[in-house]
1. If Q63 passes every condition in (1) within 20 Å of I96 (Cα to Cα); (2) surrounded by 13 or more Cβ atoms within 10 Å (Cβ to Cβ); (3) modelled with pLDDT under 95; (4) not acidic (D, E) but one, which one does it miss?
2. Only one of L33, L21 is touching a Phe, Trp or Tyr at 6+ places or on another chain (Cβ under 9 Å), at pLDDT 90 or above and not basic (K, R); which?
Amino acid sequence: MPIVSDSPLPLVYTYHPVDPLQLKNWLQARNSLFADDPYFSAILEAAERNNLNPLLLFAITGQEQGYVPRENKQAKKIANNPFNVHHSWQAYNIGIAD
């Protein structure tokens, strides 16, 4: 049964539950900091709260920040703003939950 939504977005972009273990494994295979909390949980919670597909949000982090590889010296700072909003992760960096 398809998920029904009152969102103006196409259903593919609206919230759908995902298998967290499978997603974490996929992120870990890319050495992504997003496989760890607080990042992983914060993105999943934001997706549900805003009726957005969590895979879309993780895909955006991949496009904008290469999934924030752990070996990047600035990884934790970049992960606080992985969507590159408000002019960049350097200018706007108060935390992933925001």
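The values are calculated or read from the model by the stated rules, or taken from the named source; none is laboratory data. Source: prediction; values computed, not measured. So basically every Cβ, Gly included, is an ideal-geometry build from the backbone, and we count neighbours across all protein chains shown.
1. Only one criterion is unmet by Q63, namely (2).
2. Going through L33, L21 in turn, just one is touching a Phe, Trp or Tyr at 6+ places or on another chain (Cβ under 9 Å), at pLDDT 90 or above and not basic (K, R): L33.
Residues are listed down the side, and each one gets a yes or a no for (1) of a type in the set (V, I, T); (2) over 12 Å from the mean Cα position of the chain (by Cα); (3) assigned to a helix (DSSP H, G or I):
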{"site": "P8", "(1), (2), (3)": "no, yes, no"}
{"site": "P17", "(1), (2), (3)": "no, yes, no"}
{"site": "Q22", "(1), (2), (3)": "no, yes, yes"}
{"site": "N25", "(1), (2), (3)": "no, yes, yes"}
{"site": "Q28", "(1), (2), (3)": "no, yes, yes"}
{"site": "S41", "(1), (2), (3)": "no, no, yes"}
{"site": "E45", "(1), (2), (3)": "no, no, yes"}
